[in-house]
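Asker: Let me begin by handing over the structure; questions about it come next.
Nothing in this text is a laboratory measurement; each read-out follows from the coordinates by a stated rule. Note that the coordinates shown come from a computational prediction; the quantities given were computed from them, not determined experimentally. For neighbour counting, all protein chains shown are included, and Cβ atoms are generated from backbone atoms with ideal geometry for every residue, glycine included.
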Amino acid sequence: MKLSGHRNHAHYWAFVLHRVSGLLLAIFLPAHFYVLGLAIQGEAAMDGFIRWTDAPLVKAAEVILIILLAAHLTGGLRLMALEFFGSRESSKTAVAIGAGISLAVGLAFLINVV
Amino acid sequence: MSNARVETKLWVWQRLSAAVLAVCVVVHLIVIVYAVQDGLSAAEIIGRVSGNFLWLAFYSIFVTAIAVHAPIGVRTILKEMTDISPKATHMIMATFSLVILAMGFRAVIGLFTASVGA
């Protein structure tokens, strides 16, 4: 695929990923808190939901969420480093390192959860 | 307060909360990967958090930082990518923050006071 202009740029895609991951994490938060809040009703209520998360599709969604969280973390650190230290020289490398760390965290979760 | 001052304050609050969240998320990711090793269960989660003041403090800080950070981010996206009025984006931001605080602390206190086997 050939892209032209600003879209053919690691920083542009890092920006898109940071936005999309942030938005998806924000949407996920109330559901996450709701499930953890089931503890009020007792262990059985919470376990009932956790059993549902054993489904392969839910596990796959969890792996994606973990990668999105790690990507938002590394993307945010990169963004703050740019804002506060202003160095752009190695920022393309920082995008690659962030992506690598995010995938590694997702893989670590996948290996442990399966 | 002028628009520029509001924007600056929100920018500062989002960066301050991001710095706190950077630490919290690293701890959270380590805990997640560790906790799922033998399969996740309510007993494991409740057993770890229940009655533990250190986890209570950690998750209280975590939820508070999220309640600051996420709504400001959502507002920025709405402001830059939709035609929603500035007043409405502020209302959405404030409401979302309150929802996160209410649901987050309900979960944190629920886990802290829960007992395994209940």
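Asker: Identify the residue in the range B:14-64 that is of a type in the set (F, W, Y) and surrounded by 14 or more Cβ atoms within 10 Å (Cβ to Cβ) and, among all such residues, is nearest to the other protein chains (Cβ to nearest Cβ).
Answerer: Ranking the qualifying residues of the range B:14-64, first place goes to B:Y59.
Asker: While we're on this one: Considering only residues of the range B:4-14 that are over 26 Å from B:W55 (Cβ atoms) and of a type outside the set (A, V, I, L, M, F, W, C), which is farthest from the chain's Cα centre (by Cα)?
Answerer: Looking at the filtered set, the residue picked out is B:R5.
Asker: What number of residues within the range A:32-90 satisfy the criterion of being within 10 Å of chain B (Cβ to nearest Cβ) and of a type in the set (V, I, T)?
Answerer: Of the residues in the range A:32-90, 6 are within 10 Å of chain B (Cβ to nearest Cβ) and of a type in the set (V, I, T).
Asker: Of the numbered conditions (1) touching a residue at least 24 places away in the same chain (Cβ under 8 Å); (2) out of contact with any Pro (no Cβ under 6 Å at 6 or more places or on another chain); (3) farther than 15 Å from B:V6 by Cβ, B:I77 fails exactly one; give the number of that condition.
Answerer: (1)
Asker: Would you pick out the residues in the range A:102-111 that are within 12 Å of another protein chain (Cβ to nearest Cβ) and surrounded by fewer than 16 Cβ atoms within 10 Å (Cβ to Cβ)?
Answerer: Result: A:A104, A:L107, A:I111.
Asker: Search the range B:95-118 for residues being in contact with a Pro (Cβ under 7 Å, 6 or more places away or on another chain) and not β-branched (V, I, T), and hand back the single one that is farthest from the other protein chains (Cβ to nearest Cβ).
Answerer: Looking at the filtered set, the residue picked out is B:S97.
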